[in-house]
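Nothing in this text is a laboratory measurement; each read-out follows from the coordinates by a stated rule. Remember, it's a predicted structure, so these values are computed and weren't measured experimentally. Backbone-built Cβ (ideal geometry, glycine too); neighbour counts: all protein chains shown.
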There are 4 protein chains.
Amino acid sequence: MRLRPAKPLQTTEWLNVPEPVTLESLRGRVVLLEAFQMLCAGCVSHSLPQAMRARELFSKSDLAVIGLHTVFEHHTAQGSKEALAAFLHEYRITFPVGIDAPPDGRGLPRTMTAYQMQGTPTTILIDRQGNLRKQKFGHTQDMLIGAEIMALLREDGSPVSGQQQAAADNGCTHDGCAAPTQ
Amino acid sequence: MRLRPAKPLQTTEWLNVPEPVTLESLRGRVVLLEAFQMLCAGCVSHSLPQAMRARELFSKSDLAVIGLHTVFEHHTAQGSKEALAAFLHEYRITFPVGIDAPPDGRGLPRTMTAYQMQGTPTTILIDRQGNLRKQKFGHTQDMLIGAEIMALLREDGSPVSGQQQAAADNGCTHDGCAAPTQ
Amino acid sequence: MRLRPAKPLQTTEWLNVPEPVTLESLRGRVVLLEAFQMLCAGCVSHSLPQAMRARELFSKSDLAVIGLHTVFEHHTAQGSKEALAAFLHEYRITFPVGIDAPPDGRGLPRTMTAYQMQGTPTTILIDRQGNLRKQKFGHTQDMLIGAEIMALLREDGSPVSGQQQAAADNGCTHDGCAAPTQ
Amino acid sequence: MRLRPAKPLQTTEWLNVPEPVTLESLRGRVVLLEAFQMLCAGCVSHSLPQAMRARELFSKSDLAVIGLHTVFEHHTAQGSKEALAAFLHEYRITFPVGIDAPPDGRGLPRTMTAYQMQGTPTTILIDRQGNLRKQKFGHTQDMLIGAEIMALLREDGSPVSGQQQAAADNGCTHDGCAAPTQ
């Protein structure tokens, strides 16, 4: 199977991080990219809490979790960096969030267009080599996203760092089972 | 790391399956073993629905999902095959469920004792080679169990069958992304 | 409107209470009667927790909350007093529960038949004078049952005891609002 | 008990309604007033959905449900009418919402100050005569708010319109029980 490289993120600003995030800079890690809008009810109730659970569960050295604010409606309400910053603060979202670059004229933001996203939420997984491996509009079950992330983490025999090793193996040996970490 | 083989299941009866299930017969597949009691509220609200979601999500050729009814209290109420059968029917639980063998005298059922389970629910994962890899008393997050199952499925470069391949890779190629199956 | 007296409960045993409960003995109080089966999934997940919330919210001098175990299937599994007692213990149900009397021959239990219940859960409200005022098969919203109970409590200008007075009026006077009790 | 009249609402704009709402104009109806901020997570997940359920459950001739946008932080993000309008649209909130008037200088908005609200969400009930009867900061159970609303609806022997009558009495007469409306 020929895989497709994930297209570059085209952003104007990043929050929760000192400098802009590029997919290149995340090479070697699996990336969970959550495209959302702050006034998208399904994003607020499902996909963003899910992304935060993923951030909590996997180690930062294995999985990068980033958000992309793809504003394609209600620009006055949700189009400013200040509005997004307030939203991230109130919802305790601490992973890096980029603001998708607006188009030259009318239309959808640039990364959203490049990825041909159908709307928000859109959940994207990118493998350690930078290939696009999942793009899903709408809700994804927690068990499925957990399995998909781990499948990419374990691909090509990649070593997985401590926390995930623990996740996959609670230290059950001939001597017994260590207390589970989760 | 030296892994520990999962001890044999000691059961008196099996429901939802024509003949008794042994761990040997499941060799080559990852096993999710859910130990429960039909009157355990946490089992009913969390761990059994989770096991059913796992049954739905993963293919039967990769993952075996089985239950173990480890009755250690309220024997009159939940100790009969008829009571368990009625419970499984009402809760639409369709995977095989074994009844843990009672002890010779007083005490806990035999498999529960052999595994040194602390109570119900206890969630157990066994790898394709029959080693015990997770044993957890209490609630496990869906995202974690999904990741743990996939980690074992992908271990040793095992090929994973269709559905999981799809789960891990929604068919995104140079030509686009296939519609997600979930 | 001519109201219809609630028919007598025909029971064989009562749990969680030293002696049998009759509707006559509850006259003067509004009665929430929850008909259920211990293996009815909708009863376990919705109607019994709702009855427990009602028990918590309203005062015992205003509202009587009672259960009725109307076993019409899986008699071996759920037909014994021991099974029901174990269930009530595990689910922390502390209000009185009667066991609906079995029919002479085949058929539904006697109270279930007298009330022409369609199945479980069935939620019933009886007013202070003993009239049947609500009978609903299936799920009822919490906000609705709260409103319905209060409507009956306030009927005929009945005085409502302390807790409900507080519920209806958090003590807001010219001097301010007292801290809410809930 | 001497009741305290609810203080006037001090607002700059109203959405979802052609002209400004005053408490005087609602006299004769019970009022559920939900004070919120669009970026308040607890308002979005609990109190606003609850207010919408109340709007659905009770008739408009008995209960007025109104919102009050009491912006006391993140003014840039949530301080504009456009931002609020977009929020109401996305969350399908259709009851009237007023924008609490900003203070002359620094400080909290005017209605919020007059009511001495501690924050958002704040749930307020006003009786048919315009008296403040409940003011609660934080989460209120559905069953409780249902009971509190009904207590005020039934106060002073007020006739309650069709839907609530049905809510309180599913038409059970000597001839049987009419099918429940909910």
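Tabulated data
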item	result
Helix C:48-57 vs. chain C, principal-axis angle (Cα, 0 to 90°, nearest 10)	30 degrees
Lys, Arg +1 and Asp, Glu -1 on Cβ, resulting dipole of region C:1-151 about Cα centre, debye, nearest 20	500 debye
Cα Rg over Rh - the protein assembly as shown, Kirkwood	1.01
Label distances, nm, A:GLN129 versus same residue in remaining copies, Cβ-directed 7 Å point	2.7, 7.9, 8.1
Relative contact order, percent, chain D [alpha-carbon distance under 8 Å, six or more residues apart]	30 percent
Cut-off under 5 Å, modelled amide H: who pairs with D:VAL65 long-range	D:LEU32
Cα convex hull of region C:27-86, projected area averaged across orientations, nm²	4.6 nm²
Angle between chain A longest axis and helix A:81-90 axis [Cα atoms, degrees, rounded to 10]	40 degrees
Binned Cα-Cα distance frequencies in region A:1-57 - 10 Å width, integer %	17, 43, 36, 5
Distances in nm from D:GLU13 to the matching label points in the other copies, shortest first (labels 7 Å along Cα to Cβ)	2.1, 6.6, 6.8
Rotation relating D and B, chain B residue nearest the axis via C-beta, angstrom	B:SER45, 10
Prolate/oblate/rounded call for region D:37-123, Cα gyration tensor, a/c under 1.5 rounded	prolate
Total charge dipole magnitude, region C:1-79, about the Cα centre, Cβ charges on Lys, Arg, Asp, Glu only, Debye to nearest 20	380 debye
Most mobile listed residue (A:ILE126, A:ILE93, A:ILE66) in chain A, GNM with C-alpha springs under 10 Å	A:ILE93
Tilt relative to chain D, helix D:142-153 - C-alpha long axis, 0 to 90 degrees, to 10	70 degrees
DSSP bridge orientation in the protein assembly as shown - percent antiparallel, rounded to nearest 5	65 percent
Simple Cβ-charge dipole of the protein assembly as shown, Lys/Arg +1 and Asp/Glu -1, about Cα centre, in debye nearest 20	0 debye
Globularity index of chain D, i.e. its alpha-carbon radius of gyration over 2.2 N^0.38 Å	1.08
